[in-house]
Amino acid sequence: MQHIIDRFISYVTIDTESDPNSETTPSSKKQWDLAHKLVAELKAIGMKEVTIDENAYIMATLPSNVEHEVPVIGFISHFDTTPDFTGANVKPQIIENYDGKDIVLNAEQNIILSPSYFKDLLQYKGQTLITTDGTTLLGADDKAGITEIVTAMEFLIKNPEIKHGKIRVGFTPDEEIGRGAHLFDVEKFGADWAYTMDGSQIGELEYENFNAAGAKITFKGKSVHPGYAKGKMINSMLLASKFISKLPKDEIPEATKGYEGFFHVTGITGSIEESTVSLIIRDHSKKLFKKRKYFLHELISKFNKKYRKQFGDEIAIIEIKDQYYNMKEKVEPVFHIVKIAEKAMKEIGIKPIIKPIRGGTDGCQLSYKGLPCPNIFAGGHNFHGKYEYVPVESMQKAVEVIVKIAELTAEKK
Ligand SMILES: [Zn+2]
């Protein structure tokens, strides 16, 4: 157990926060620090064809050890962490034999990881948890995934009696800012299919995700001295707030779950002359996704119709950009890749939890680039914040899942 803990800690103590405001890939220079370390480590454990390109995409091969033809499979994780919470100076704490009670993350600041709020904790009673010290995120998303893949490869190399086909490993930068798959060379990777090890709790297996788009609506105003503004002023901030009030009240992230889609206002900036509203649109159903985009266009055109009479021109401009699509469409035609993962979990005593992702993964973009890529648990909880934690036993199980998938794929039919 110490080996996997040490490996994980050696990754999370390197800050790899990505930066959405950067145009480069990787978006932050510091991601190279871990990338270089990973390349060295992949070589050290005996992986072949270890490469890193100018954008820090890492690939490596574990050659097949069987004679017969076996599909090439891949395992993928991202080494950046989210810009939503600091990932600098991570000081992991190890809680052995967790007793099911409150965990004091930070006594000084009174930051407590409590099972009365985070009920999932209770299923890990008796296990070893790795937590933060309450001041940073942990980075189990997705350094747990990387730990598991490297450890599984090392295990397969050390245990050649376990038969497997060619396995490709891919580590990417910038997943957290939605660009992890952008410069991923699917052809060079050369796998028939792959799995991202980027899910949360043990058992998760996902092949459906949201269809996603981002919208930016700009409202134009007219500033006039407020004492003489009657019939002349347009306060664009009031237009923006009116627009928000017309969005369906129950279709927001905090009121939806499962397959329910939403609109989510992510930002407002405003002055009298100009205000912008940013929002994201999410839906698993392609049809409802289209309907949501149509709804926004309609709403804006109603605004414009209403105010055109008064002010002459368009006061609202909407821009919608698709971000990613539901991978289900690409995975269903090759559904055996989900079945293999499901079987692997069952064979090592894990109950698969198959549910739609309320988000996207690198895998959904890769699926649309021709590499079908369901998502498997990496074991962590409470991603993107100070309450993030990972049970070591879940990481160990993820290693076993990878090994078992490799084995099952190489089985002679
Ligand atoms: Zn992730």
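The values are calculated or read from the model by the stated rules, or taken from the named source; none is laboratory data. Here the structure is a predicted model, which means the values were calculated and not measured. Every residue, glycine as well, gets a Cβ built from its backbone with ideal geometry; the counts of neighbours run over all protein chains shown.
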Criterion: under 24 Å from residue 394 (Cα atoms), at pLDDT 95 or above and surrounded by 14 or more Cβ atoms within 10 Å (Cβ to Cβ) - qualifying residue of 19, 80, 102: 80
Residue in the stretch 256-272 that is modelled with pLDDT of 95 or more, surrounded by 15 or more Cβ atoms within 10 Å (Cβ to Cβ) and charged (D, E, K, R) present: yes
Positions within the stretch 144-157 being within 13 Å of the ligand (Cβ to nearest atom) and in contact with a His (Cβ under 9 Å, 6 or more places away or on another chain), in sequence order: 145, 146
Only one of 109, 201 that is of a type outside the set (Ser, Thr, Tyr) and over 30 Å from residue 368 (Cβ atoms): 109
Within the stretch 158-218, strands (runs of 3 or more DSSP E) holding 1 or more residues that are closer than 24 Å to residue 37 by Cα and either without any contact (Cβ under 8 Å) to a residue 12 or more places away in the chain or within 16 Å of the ligand (Cβ to nearest atom) (or both): 167-172, 193-199
Residue count for the stretch 69-94, restricted to those that are over 13 Å from residue 145 (Cα atoms) and either within 16 Å of the ligand (Cβ to nearest atom) or outside any strand (DSSP E or B) (or both): 15
Test set (1) over 21 Å from the mean Cα position of the chain (by Cα); (2) part of a loop (DSSP other than H, G, I, E, B) - residue 26 fails condition number: (1)
Scan of the stretch 19-39 for residues that are under 10 Å from residue 173 (Cβ atoms) and in contact (Cβ under 8 Å) with a residue 40 or more places away in the chain, ordered by number: 25, 26, 27, 28, 31, 34, 35
Scan of the stretch 245-277 for residues that are under 19 Å from residue 314 (Cβ atoms) and touching a strand residue (DSSP E or B) at 6+ places or on another chain (Cβ under 9 Å), ordered by number: 270, 272, 273, 274, 275, 276, 277
Hits in the stretch 358-372 (condition: in contact (Cβ under 8 Å) with a residue 60 or more places away in the chain and either hydroxyl-bearing (Ser, Thr, Tyr) or farther than 16 Å from residue 284 by Cα (or both)): 361, 362, 366, 369, 370, 371, 372
Subset of the stretch 349-387 (residues that are touching a Cys at 6+ places or on another chain (Cβ under 9 Å) and within 14 Å of the ligand (Cβ to nearest atom)): 357, 361, 362, 363, 364, 365, 366, 373, 375
Failed condition for residue 253, given (1) away from the ligand (no atom under 16 Å from the Cβ); (2) touching a His at 6+ places or on another chain (Cβ under 7 Å); (3) closer than 25 Å to residue 333 by Cα: (3)
Test: residue in the stretch 102-119 that is within 16 Å of the ligand (Cβ to nearest atom), touching a helix residue (DSSP H, G or I) at 6+ places or on another chain (Cβ under 8 Å) and in the same structural domain as residue 162 (by TED's automatic domain parsing): no
Only listed residue being more than 16 Å from the ligand (Cβ to nearest atom) and either assigned to a loop (DSSP other than H, G, I, E, B) or buried (at least 19 other Cβ atoms within 10 Å of the Cβ) (or both), chosen from 403, 390: 403
